[in-house]
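Visitor: Sharing a structure below in structure tokens format, with a few things to ask.
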Amino acid sequence: MALTPGAKVPSVVPKHEKALICLTEDVTAKTAFLFILPQYNVSVPTADSETVHYHYGPKDLVTILFYVFITIILHAVVQEYILDKISKRLHLSKVKHSKFNESGQLVVFHLSSVVWCFYVVVTEGYLTNPRSLWEDYPHVYLPFQVKFFYLCQLAYWLHALPELYFQKVRKEEIPRQLQYICLYLVHIAGAYLLNLSRLGLILLLLQYSTEFLFHMARLFYFADENNEKLFNAWAAVFGVTRLFILTLAVLAIGFGLARIENQAFDPEKGNFNTLLCRLCVLLLVCAAQAWLMWRFIHSQLRHWREYWNEQSAKRRVPAAPRLPARLVKRESGYHENGVVKAENGTSPRTKKLKSP
């Protein structure tokens, strides 16, 4: 249906067509695009032509808020149409049911994030050219897919806060989940606001790959408690990932940014390359990795202790005593020449049968 400029929308138009028409109107289109698309686009000249890049600002909060609601809806769809149907077949307890839902949601999120993040770092050339992680800093202008990725990541971890209430998470589990949510929010927002988006993409790719393997191992364990091979693979990958993250952070921040000539603190231009800022960022990354490694070692020691306690308990259990041979029930007294004798040597009296 074609409309002339300035014409009013008829009341008989369906709702979905009204929504599309609102996007085409000059007045409502600006407001709608404020929620849907990233803001602060800038035309950056290149050797051949011009490309559109983006930088951050306060309007990003509106876009993040919109995608928080989108993420809540997607979370409910995955829960109702996938996880609930699987958990009913497994007949899990309340504790395992809560952990199964948590791991199921995170498997979907981590898998999609790993694929998306890998596509971004490959197309932008961050993997083939590691020096691009610190060269030409500050990286104020971001490609569309890089900025949109960060906005969606912030929206997901912000939506995890109200999901603690919607999913009716137990009070004992809330502090643990709050720690991980805040840890992700601080690191993602820090990389985004300090213009370390390229380094943040590589670190997120490593971290999400490890987390995906862990939650997949939990799902297989809930399906069959004998499936523990993925946990062994995750334990090996976890330590290697911590080493790679620390090495890459020290290489990019401690050595790469330290050799750049421009080391003046200038928030207006997005330059935070000072000695104090670099030390704070490195301290935050190292403290987070040390905390994760400490929790990993603590949990592994606890599991090994429980395993050896079970093995030692099985060894201490005595063997079941053998049952004696079945005895033939005899009358009181003893037998002598086929006649039953009483203990005092007299023969037992015969019972008199009553006449009918």
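Visitor: Would you check which residues across the range 97-111 are more than 15 Å from ALA160 (Cβ to Cβ) and either open to solvent by less than 20 Å² (accessible area, probe 1.4 Å) or at pLDDT 95 or above (or both) and list them?
Guide: Taking the range 97-111 and keeping what is more than 15 Å from ALA160 (Cβ to Cβ), we get 97, 99-100, 111.
Scanning the range 97-111 gives PHE100, LEU111.
Visitor: Among the numbered conditions (1) open to solvent by 90 Å² or more (accessible area, probe 1.4 Å); (2) modelled with pLDDT of 80 or more, tell me where ARG316 comes up short.
Guide: Here ARG316 meets the rest and fails (2).
Visitor: If you scan the range 52-83, which residues turn out to be open to solvent by 50 Å² or more (accessible area, probe 1.4 Å) and either part of a helix (DSSP H, G or I) or modelled with pLDDT under 85 (or both)? Spell out how you get there, then give the answer.
Guide: Filtering the range 52-83 for residues open to solvent by 50 Å² or more (accessible area, probe 1.4 Å) gives 52, 55-56, 58-59, 61, 65-66, 69-70, 73-74, 76-77, 80-82.
Listed by number, the residues that qualify are LEU61, LEU65, PHE66, PHE69, ILE70, ILE73, LEU74, ALA76, VAL77, GLU80, TYR81, ILE82.
Let's see how each residue does on (1) part of a helix (DSSP H, G or I); (2) modelled with pLDDT of 95 or more:
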{"residue": "GLU163", "(1), (2)": "yes, no"}
{"residue": "ARG170", "(1), (2)": "no, no"}
{"residue": "PRO175", "(1), (2)": "yes, no"}
{"residue": "GLN179", "(1), (2)": "yes, no"}
{"residue": "TYR184", "(1), (2)": "yes, yes"}
{"residue": "ILE188", "(1), (2)": "yes, yes"}
{"residue": "LEU201", "(1), (2)": "yes, yes"}
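Visitor: A further question on this structure: Quick one: in the range 225-282, which of the residues that are among the β-branched types (Val, Ile, Thr) and surrounded by 14 or more Cβ atoms within 10 Å (Cβ to Cβ) is nearest to HIS187 (Cα to Cα)?
Guide: Restricting attention to the range 225-282, the residues satisfying the condition of being among the β-branched types (Val, Ile, Thr) are 237, 240-241, 245, 247, 250, 253, 260, 274, 281.
From what is left, the residues that are surrounded by 14 or more Cβ atoms within 10 Å (Cβ to Cβ) are 237, 241, 245, 250, 253, 260, 274, 281.
Numbers: VAL237: 21, THR241: 16, ILE245: 13, VAL250: 15, ILE253: 14, ILE260: 23, THR274: 19, VAL281: 9 Å.
Only one residue tops the list, namely VAL281.
Visitor: Let me ask you something else. Determine, yes or no, whether LEU301 is more than 24 Å from TYR141 (Cα to Cα), without any contact (Cβ under 8 Å) to a residue 12 or more places away in the chain, of a type in the set (A, V, I, L, M) and open to solvent by 90 Å² or more (accessible area, probe 1.4 Å). Spell out the reasoning first.
Guide: Details: more than 24 Å from TYR141 (Cα to Cα): yes; without any contact (Cβ under 8 Å) to a residue 12 or more places away in the chain: yes; of a type in the set (A, V, I, L, M): yes; open to solvent by 90 Å² or more (accessible area, probe 1.4 Å): no.
So LEU301 does not fit the description; no.
Visitor: What do you reckon, is LEU133 open to solvent by less than 30 Å² (accessible area, probe 1.4 Å), within 23 Å of VAL52 (Cα to Cα) and of a type in the set (A, V, I, L, M, F, W, C)?
Guide: Numbers: open to solvent by less than 30 Å² (accessible area, probe 1.4 Å): yes; within 23 Å of VAL52 (Cα to Cα): yes; of a type in the set (A, V, I, L, M, F, W, C): yes.
Criteria met by LEU133.
Visitor: Restricting attention to the range 108-136, which residues are in a helix (DSSP H, G or I) and either in contact with a strand residue (DSSP E or B) (Cβ under 7 Å, 6 or more places away or on another chain) or over 19 Å from TYR150 (Cα atoms) (or both)?
Guide: The answer is PRO130, ARG131.
Visitor: Among the residues of the range 112-126, count how many are touching a residue at least 12 places away in the same chain (Cβ under 8 Å), open to solvent by 20 Å² or more (accessible area, probe 1.4 Å) and not aromatic (Phe, Trp, Tyr).
Guide: Summing the residues that are touching a residue at least 12 places away in the same chain (Cβ under 8 Å), open to solvent by 20 Å² or more (accessible area, probe 1.4 Å) and not aromatic (Phe, Trp, Tyr) in the range 112-126 gives 3.
Visitor: Now, a different point. Taking the options LEU219, LEU206, name whichever one is over 19 Å from TRP291 (Cα atoms), open to solvent by 30 Å² or more (accessible area, probe 1.4 Å), at pLDDT 90 or above and outside any strand (DSSP E or B).
Guide: Only one candidate qualifies: LEU219.
The values are calculated or read from the model by the stated rules, or taken from the named source; none is laboratory data. Everything numeric in this text was worked out from a predicted model, so none of it was measured. In this analysis, Cβ positions are derived from the backbone assuming ideal geometry, glycine residues included, and neighbour counts consider all displayed protein chains. The protein model used for the area step is the full one, side chains on, heavy atoms only, and it has no ligands, DNA or RNA in it. Shrake-Rupley method; radii C 1.70, N 1.55, O 1.52, S 1.80 Å.
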